[in-house]
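Q: First the structure, then my questions, so here it is.
The values are calculated or read from the model by the stated rules, or taken from the named source; none is laboratory data. A quick note: this is a predicted structure, and the numbers were derived from the prediction, not measured. No Cβ is skipped: glycine too gets one built from the backbone with ideal geometry, and neighbour counts run over all protein chains shown. What goes into the accessible areas is simple: the full protein's heavy atoms, side chains included, and nothing from ligands, DNA or RNA. Shrake-Rupley method; radii C 1.70, N 1.55, O 1.52, S 1.80 Å.
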Amino acid sequence: MVNICLICDFFYPRLGGVEMHIFQLGLCLMERGHKVIIITHKYDNRTGVRYMTNGLKVYYCPFVPAHEQVVLFTYMGSLPLLRQILLREEIHVVHSHAATSFFGGELLLHAKSMGYKTVFTDHSLFAFNDAASFHVNKILKFILSEVDHSVSVSHISKENLSMRASLDPRNISVIPNAVDCSRFKPDPSKRYPLNTVNIVVISRLTFRKGVDLLVDVVPTICKRFPQVYFIIGGDGPKKKIIEESIKKHGLTDRVEMLGSVPGHKVREVLVRGHIFLNTSLTEAFCIAIVEAASCGLFVVSTNVGGVVEVLPKNMVNFAKPDPDDICEKLAVAIPIAKNVPSHQYHEQVAKMYSWHMVAERAETVYNKILSSPYPSLLARIKACQSNGPIFGLYLLILLIIDYIAIFILDLIFPYKNISKPIKFNPEYRVNKEKYGDHQFKLN
């Protein structure tokens with residue numbers, strides 16, 4: 001049995017591909033006999049320790065996110081609490097997710113100084129020619145210079161990560177995302193409105209998800225195909241421009257705006273459609289098109305990033321990230337949409353993707369790094385120097401400070417004085433008068 005800590009800034013109640021990946025991976029690793037905890041920051045009044053499905057333990061640490069649910073990179077601010085959690089839970093492997101999760105990046109560095117094995121999974125693609133990506137890549141290179149193993153969700157993502165963080169491709173595994181196909185079964189009887197070809201879009205309405213392309217596609221397709229009906233789910237800063245476009249072109253009876261769609265209602269929306277449209281400008285994988293195909297929808301998607309690796313050609317039409325080409329690919333899909341073999345699509349996707357396979361492959365990575373020797377202090381110093389003469393010296397100073405801080409914490413809060421965790425009991429219920437409403441809840 002391996003004791004595993006999954007950490008990321010992004011987790012429930014926020015919903016998305018990274019959040020679902022962490023949750024499903026944790027559950028499947030527990031089913032395989034491992035101990036799993038998840039660490040994230042507080043979300044509104046959700047703080048303290050919570051138990052989720054099957055006793056999955058989540059630490060909502062009292063750190064306030066600064067921007068887009070990401071905690072500032074303070075380096076030392078989180079060390080006392082994170083050290084206590086790792087020691088208390090007797091963790092063996094620390095597994096961080098997402099390049100923009102600086103909370104996870106901090107723990108990777110501290111965990112290495114404390115003698116833990118570390119793994120990082122990248123879920124996104126980043127460019128090399130803009131200021132934001134440049135800074136993210138620079139910090140990521142520092143964080144991953146000592147990580148034991150890295151994971152990407154597609155081969156395109158692997159190549160991108162290798163170049164961004166200057167990693168040896170042989171030390172990066174490709175473990176794709178997956179879908180719980182039992183939750184995404186087709187049901188053609190639920191398609192509504194009737195006598196129309198329904199095109200479904202479920203996405204965060206942001207620039208990166210190609211909303212500006214969608215704004216041009218919707219009126220063009222509605223004009224060319226009177227039988228088409230759009231169902232758009234999701235929320236975000238670009239929602240307003242879609243609503244304005246709908247009113248401008250008089251399409252309020254042809255386009256249905258659902259707003260934010262909770263995770264447990266995604267299938268209810270998908271089964272209403274014939275075609276799923278993805279207009280993303282960048283994707284390392286794209287779980288949404290797998291969920292759609294599992295529900296029996298034909299997929300039309302922009303050919304970006306790792307999307308081309310996700311589905312077989314009989315299930316998807318790929319388009320350039322251009323409104324005219326997307327419209328042409330939709331024009332090909334619309335006449336055949338009602339004849340798609342929905343149940344055959346579902347069975348095919350179920351054979352291709354499974355969270356149990358993802359957990360099995362992650363387990364192989366954990367066993368591999370646990371059997372490898374721990375790097376010496378000299379090797380860690382050389383890893384810092386690989387970041388350049390100036391930035392490398394700065395990182396070396398941080399490394400020394402990290403060792404000193406951990407030594408001081410070991411003196412002040414020795415391991416023997418740290419209480420053992422409470423074992424999960426499915427029959428356990430909290431006495432609110434004794435513990436308060438925020439402690440040890442079952443969700």
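Q: Have a look at the DSSP beta bridges in the chain and tell me what percent are antiparallel, nearest 5.
A: If I count the DSSP bridges inside the chain, around 10 percent turn out antiparallel.
Q: Measure nothing but the geometry: give the 0 to 90° angle between the long axis through the Cα atoms of 17-31 and the longest principal axis through the Cα atoms of the chain, rounded to 10°.
A: 60
Q: Sticking with the crude label model, points 7 Å out along Cα→Cβ, report the distance from D410 to V64 in nm, one decimal please.
A: Distance between the two pseudo-spin positions: 3.5 nm.
Q: So, taking all protein chains as they sit and a 1.4 Å probe, how much accessible area belongs to L281, in Å² rounded to tens?
A: My reading of the accessible area for L281 is about 60 Å².
Q: Let me spell out the model: positive unit charges on the Cβ of Lys and Arg, negative unit charges on the Cβ of Asp and Glu, origin at the Cα centre of the range 31-71. What dipole size does that give, in debye rounded to 20?
A: It comes to approximately 200 debye.
Q: Between N171 and H343, what's the calculated FRET efficiency when r is the beta-carbon distance and R0 is 56 Å? Round to 0.05. Present the calculation step by step, with values, prior to reporting the outcome.
A: Values: r = 41 Å, r/R0 = 0.73.
According to the calculation, E is roughly 0.85.
Q: On to the next question. Quick one: ranking H343, H97 by accessible area, 1.4 Å probe, largest first, what do you get?
A: H343, H97
Q: Using a probe of 1.4 angstrom, how much of the accessible area of the range 269-402 is carbon and sulfur, in percent?
A: It is 61 percent, rounded to a whole number.
Q: Tell me, how many Å apart are the Cα centres for the range 264-288 and for the range 297-348?
A: What the calculation gives is 11 Å, centre to centre.
Q: If you don't mind, there's one more thing I want to ask. Where a ≥ b ≥ c are the square roots of the eigenvalues of the C-alpha gyration tensor, would you call the range 200-337 rounded, which needs a/c under 1.5, or, failing that, prolate if a/b is larger than b/c, or oblate?
A: In terms of gyration-tensor shape, rounded.
Q: Cα axis of helix 239-248 to longest principal axis of the chain: angle in degrees, 0 to 90, nearest 10?
A: It works out to around 10 degrees.
Q: When the solvent-accessible surface of protein heavy atoms is calculated with a 1.4 angstrom probe, in what order do I400, I37 fall, highest first? Before the final figure, lay out the partial values.
A: On the way: I400 90, I37 0 Å².
Ranked list, largest accessible area first: I400, I37.
Q: Continuing with the same structure: Just how large is the dipole of the range 118-165 about the Cα centre, in debye to the nearest 20, putting +1 at every Lys and Arg Cβ and -1 at every Asp and Glu Cβ?
A: 80
Q: Out of N314, N160, N177, any idea which swings most in a Gaussian network model of the chain, alpha carbons joined below 10 Å?
A: Looking only at N314, N160, N177, the biggest GNM fluctuation is shown by N314.
Q: Next question, about the same structure. With respect to the cross-link table entries K190/K320; K57/K351; K239/K329, which display a Cα-Cα separation exceeding 26 Å?
A: K190/K320; K57/K351
Q: Which entries of K35/K117; K313/K338; K112/K141; K117/K368; K35/K185; K240/K338 have Cα-Cα distances beyond 20 Å here?
A: Distance filter (> 20 Å) returns K35/K185; K240/K338.
Q: Let me ask something else. If each of A331 and S371 carries a label point 7 Å out from its Cα toward its Cβ, how far apart are those two points in nm?
A: Going from the A331 label point to the S371 one covers 5.7 nm.
Q: Also, quick follow-up: Rounding to the nearest 10 and keeping the result within 0 to 90°, find how far the Cα-based axis of helix 102-114 lies from the longest principal axis of the chain.
A: 30
Q: On the accessible surface of the range 90-237, probed at 1.4 Å, how many percent belong to carbon and sulfur atoms?
A: Numbers: 3110 of 5510 Å².
Solvent-exposed carbon and sulfur of the range 90-237 make up 56 percent of the total.
Q: Now, a different point. May I ask you to give the solvent-accessible area per residue for the chain, in square angstrom, as obtained with a 1.4 angstrom probe?
A: 45
Q: Using helices alone, I'd like the mean residue ellipticity at 222 nm for the chain: each DSSP H run of four-plus residues gives -39500 (n - 2.57), total over residue count, nearest 500.
A: Helix-only estimate at 222 nm: -12500 deg cm²/dmol.
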